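Enquirer: Shown below is the structure under consideration.
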Amino acid sequence: MELIGSSYKGSTKNGRMDGEGEYTFPTDTKYVGEMKDGMFHGKGVLFFPNGSKYEATWENGLAKQGSFTFADGLQYQDNNWDYCNAYDRRFHSERSNGFRPPGETQLTNVHPPPSIPDGCYDCADGFYDPNSRVVTSYTGRFLRNTDDSEHEWIVRTCRKAWDEPAGGDPQNSFATRSEENSKIVS
């Protein structure tokens, strides 16, 4: 376990995890529950670093029956899940196109996400330039001017060009831009 960065706290039998215990993966995901012969066996919960959890009944390391709860408390249902439907569009792209593989964070409904022009924000229907206070489509067509309320919401919540992981310029660091943003919003 130490070789791959995982750890175990709990009871053992014949040198193997057995009884109640807590197994921590290298990703900081934790399993807390029953073990048998070195495997998850019985009732147990996987706690993910983002706050979500998977509660299940395990048999020889395999989940036989379980439920997934998102970090915000929403519980996933396999059938008749009414969370994303014609009246509630949250997670629309995941329902339509499936989940992205592990390690590929889905930042937008479009994959891959569009590159944001310098100094702008991605506000879901286009790019927002806080200097001109104009939203343009992803193809550059004028969409609208923003009022104070929309401007503040975009600056507070939307993806910013300087947050993108590819090749950062130290002058465009998050701290520098945050100071600029606080000046824009105030």
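The values are calculated or read from the model by the stated rules, or taken from the named source; none is laboratory data. The structure presented is a predicted model; accordingly, all values stated were derived computationally and were not measured. Reconstructed Cβ throughout: ideal geometry from the backbone, glycine too, with neighbour counts over all protein chains shown. The accessibility values were calculated without ligands, DNA or RNA, using every heavy atom of the protein model including side chains. Shrake-Rupley method; radii C 1.70, N 1.55, O 1.52, S 1.80 Å.
Enquirer: Please determine, by comparing only the residues of region 35-74 that are open to solvent by less than 70 Å² (accessible area, probe 1.4 Å) and on the phi > 0 side of the Ramachandran plot, which one is modelled with the highest pLDDT.
Expert: Gly42
Enquirer: Now for a separate question. Select, from Phe48, Phe68, the only residue that is under 14 Å from the mean Cα position of the chain (by Cα) and among the hydrophobic types (A, V, I, L, M, F, W, C).
Expert: Working: Phe68 fails: under 14 Å from the mean Cα position of the chain (by Cα).
After ruling out the rest, the residue left standing is Phe48.
Enquirer: Next up: Test Gly5 against the criterion of being open to solvent by less than 60 Å² (accessible area, probe 1.4 Å) and in a loop (DSSP other than H, G, I, E, B), and give yes or no. First the steps, then the outcome.
Expert: Values: open to solvent by less than 60 Å² (accessible area, probe 1.4 Å): yes; in a loop (DSSP other than H, G, I, E, B): yes.
Spelling it out, Gly5 is indeed open to solvent by less than 60 Å² (accessible area, probe 1.4 Å) and in a loop (DSSP other than H, G, I, E, B).
Enquirer: Of the conditions (1) at pLDDT below 65; (2) part of a loop (DSSP other than H, G, I, E, B); (3) among the acidic types (Asp, Glu); (4) over 22 Å from the mean Cα position of the chain (by Cα), Asp118 fails just one. Which one is it?
Expert: It is condition (1) that Asp118 fails.
Enquirer: For Val32, only one of the following conditions fails: (1) at positive phi; (2) modelled with pLDDT of 95 or more. What is its number?
Expert: Result: Val32 passes all but (1).
Enquirer: For Asp28, are the conditions met, namely being out of contact with any strand residue (DSSP E or B) (no Cβ under 7 Å at 6 or more places or on another chain) and exposed (fewer than 15 other Cβ atoms within 10 Å of the Cβ)?
Expert: Criteria met by Asp28.
Enquirer: Still on this structure: In region 139-156, is there at least one residue being part of a strand (DSSP E or B), open to solvent by 60 Å² or more (accessible area, probe 1.4 Å), of a type in the set (D, E, K, R) and modelled with pLDDT of 90 or more?
Expert: Yes: one or more hits.
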